[in-house]
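Structure first, then comments.
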Amino acid sequence: MRRGFLAQRSAAALAALHDLPAIRLEGRVVGVAGLAVEVGGLSHHLSVGDRIALRSRAGHDVPAEIVGFRGGLAQAMTYAPADGLGPGAAARAALPAQGAPPGAVLAVSDAWIGRVIDPLGRPLDGRGPLPRGAVALPVRAAPPEATQRARLGERLDLGVRALNAFATCRRGQRLGLFAASGVGKSTLLAMLARHTACDVAVLALVGERGREVREFIEDDLGAAGLARAVVVVATSDTPPLMRRTAAYAAMTVAEHFRNQGKSVLLLMDSVTRFCLGLREIGLSAGEPPATRGYPPSVFAELPRLLERAGPGPELPGRPVGHITALFTVLVEGDDHDEPVADAVRGILDGHVILDRRIGEGGRYPAIDVLRSLSRAVPGCNSEAENALTRRARAIMALHADMADLVRLGAYRAGTDPAVDEAIAVAPRLEAVLRQGREERSSLAESFARLRAAIEGAPA
């Protein structure tokens, strides 16, 4: 009897302790250098990734995050302009509740679908506050255990003929979209967001031009695309911490829906701007520059983000969800061997190349199918489909090799039957690859049109 009474009192005491407000700690800003803010008095209570609030001289709080420690001081960076911060400004932190995940969290809700938010989970669309979900997920989480996560699912209809036929994708696959600026990358992303056969789409606009955000959401994505999407936006004028967190927040939103067993499409534009944000943070925190000015932490953080996408873990009694992800990489000067592009290509499950010359020739999407590949193709397409794409690639490659000779009139018809076939078939293949942004093409239709183009039959 006494044991039961003690158990009840203990449970009541624990509940009362859980309801107590979090302990608030306060330190002081002791210095501001570049993007870094040095804070004293909190070093023994906080860790990297914890969020604090800095009180500006104007009387408003500036959210910030701990990014490192040096000389007994905590180094923080702000999520907003640091105007008004100076020595002596108050720095407040709240210890997380018992059992809460460490670091920043997002309480994602299903009601976020159709909304535009910032990386801190605040609405940007003027449609009122965002409802909070029942479970708070850590913004910076570890990927699923490699030995426990599910394998790739069945092939996924992306709705774009060039990708369906030449870079066929499976649920849970991660592809890199490599493109220079002005090659139609945003238009292709909008096509994928509208046409891909998925349950939810999550779009991360990392470092996007502010002028283009509304144009992308209203014109490219459209009402139909937004109706099943969550858009996370951090424009180019936001601090680097905001741009970095945009990628983490979008991944956290995608993981929320994957945990429900849904098929999620994650589109991130762009990984390059995410890495630029990491570079600014690392250099401001005192890291030495390494490869082309990127500190080592950039290439340590990159796989931690990209590996979070993919199939979810196989858990008893819970359906397996998938995050199929396409990460765009900006290749300045068409240098596909620059550090970020090289690192991303080595982590992901395939790459898609957008070529400026193809776009200048009037064919959109400007996908260079000869240089694009999906590492999942052999296991998801039939043998007949694989043979069809191999033949189409061979024809286009031969036509590309002979194009100059044909243009100059140095090749005479009938000299080589293979070249004659390539000259006849290549224009039909180009027509198959050309697709309007409002046009959707299924997997079956993509391969049917490819076969018709090669065989010369009407599509």
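The values are calculated or read from the model by the stated rules, or taken from the named source; none is laboratory data. As the structure is a computational prediction, the values presented were derived from the model and not from experiment. In this analysis, Cβ positions are derived from the backbone assuming ideal geometry, glycine residues included, and neighbour counts consider all displayed protein chains. Protein only, heavy atoms only, side chains kept; ligands, DNA and RNA dropped before computing areas. Shrake-Rupley method; radii C 1.70, N 1.55, O 1.52, S 1.80 Å.
Every residue, every condition in (1) within 21 Å of the chain's Cα centre (by Cα); (2) within 26 Å of ARG390 (Cα to Cα), yes or no:
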residue: GLU332; (1), (2): yes, no
residue: ILE358; (1), (2): no, yes
residue: GLY361; (1), (2): no, yes
residue: ASP368; (1), (2): no, yes
residue: SER374; (1), (2): yes, yes
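Mind checking which residues of region 404-437 are modelled with pLDDT under 95, within 23 Å of ASP368 (Cβ to Cβ), open to solvent by 50 Å² or more (accessible area, probe 1.4 Å) and part of a loop (DSSP other than H, G, I, E, B)?
Residue satisfying the conditions is ARG437 alone.
For MET77, only one of the following conditions fails: (1) touching a strand residue (DSSP E or B) at 6+ places or on another chain (Cβ under 6 Å); (2) within 23 Å of GLU255 (Cβ to Cβ). What is its number?
Condition not satisfied by MET77: (2).
For region 43-78, what are the residues that are hydrophobic (A, V, I, L, M, F, W, C), under 14 Å from GLY286 (Cβ atoms) and open to solvent by 50 Å² or more (accessible area, probe 1.4 Å)?
VAL48, PHE69
Answer yes or no as to whether GLU215 is more than 17 Å from the chain's Cα centre (by Cα) and on the phi < 0 side of the Ramachandran plot. I'd like the intermediate steps shown before the answer.
On the way: more than 17 Å from the chain's Cα centre (by Cα): yes; on the phi < 0 side of the Ramachandran plot: yes.
Yes.
For THR147, are the conditions met, namely being surrounded by 20 or more Cβ atoms within 10 Å (Cβ to Cβ) and among the β-branched types (Val, Ile, Thr)?
So THR147 fails the test.
Between a first residue in region 331-351 that is over 26 Å from ARG151 (Cα atoms) and a second residue that is among the basic types (Lys, Arg) and open to solvent by 40 Å² or more (accessible area, probe 1.4 Å), which pairs have beta carbons less than 8 Å apart while being 6 or more apart in sequence or on different chains?
Close Cβ pairs (under 8 Å, with a partner that is among the basic types (Lys, Arg) and open to solvent by 40 Å² or more (accessible area, probe 1.4 Å)) amount to ASP334/ARG356; HIS336/ARG345; GLU338/ARG292; PRO339/ARG292.
Filter region 10-42 down to residues that are open to solvent by 100 Å² or more (accessible area, probe 1.4 Å) and at pLDDT below 70 and give me whichever is farthest from ALA82 (Cα to Cα).
By that ranking, first place goes to LEU14.
Could you list, in sequence order, all residues of region 159-173 that are within 21 Å of GLU307 (Cβ to Cβ) and either surrounded by fewer than 24 Cβ atoms within 10 Å (Cβ to Cβ) or touching a Cys at 6+ places or on another chain (Cβ under 7 Å) (or both)? Break it down stepwise before answering.
Filtering region 159-173 down to residues within 21 Å of GLU307 (Cβ to Cβ) leaves 167, 169-173.
Once the filter is applied, which keeps residues that are within 21 Å of GLU307 (Cβ to Cβ) and either surrounded by fewer than 24 Cβ atoms within 10 Å (Cβ to Cβ) or touching a Cys at 6+ places or on another chain (Cβ under 7 Å) (or both), region 159-173 yields only ARG170.
Could you check, for region 316-326, whether at least one of its residues is surrounded by fewer than 21 Cβ atoms within 10 Å (Cβ to Cβ), at pLDDT 90 or above, in a loop (DSSP other than H, G, I, E, B) and β-branched (Val, Ile, Thr)?
There is at least one residue in region 316-326 that is surrounded by fewer than 21 Cβ atoms within 10 Å (Cβ to Cβ), at pLDDT 90 or above, in a loop (DSSP other than H, G, I, E, B) and β-branched (Val, Ile, Thr).
If I ask for residues that are in contact (Cβ under 8 Å) with a residue 60 or more places away in the chain, out of contact with any strand residue (DSSP E or B) (no Cβ under 6 Å at 6 or more places or on another chain) and assigned to a helix (DSSP H, G or I), which ones from region 283-315 would you list?
ARG304, LEU306
If GLY286 satisfies every condition in (1) at pLDDT 95 or above; (2) surrounded by fewer than 23 Cβ atoms within 10 Å (Cβ to Cβ) but one, which is the exception?
GLY286 satisfies every listed condition except (1).
Can you name every residue in region 344-369 that is under 15 Å from GLY176 (Cα atoms) and open to solvent by 30 Å² or more (accessible area, probe 1.4 Å)?
If the condition is that a residue be under 15 Å from GLY176 (Cα atoms) and open to solvent by 30 Å² or more (accessible area, probe 1.4 Å), then ARG345, GLY346, ILE347, ASP349 are the ones that fit.
Looking only at strands (runs of 3 or more DSSP E) that lie completely in region 35-149, which have at least 2 residues being over 23 Å from GLU301 (Cβ atoms) and without any contact (Cβ under 8 Å) to a residue 60 or more places away in the chain?
Of the strands (runs of 3 or more DSSP E) lying wholly inside region 35-149, those with at least 2 residues that are over 23 Å from GLU301 (Cβ atoms) and without any contact (Cβ under 8 Å) to a residue 60 or more places away in the chain span 51-55, 61-70.
Can you pull out the residues in region 371-403 that are among the charged types (D, E, K, R) and either more than 21 Å from ARG357 (Cβ to Cβ) or part of a helix (DSSP H, G or I) (or both)?
ARG375, GLU383, GLU385, ARG390, ARG391, ARG393, ASP401
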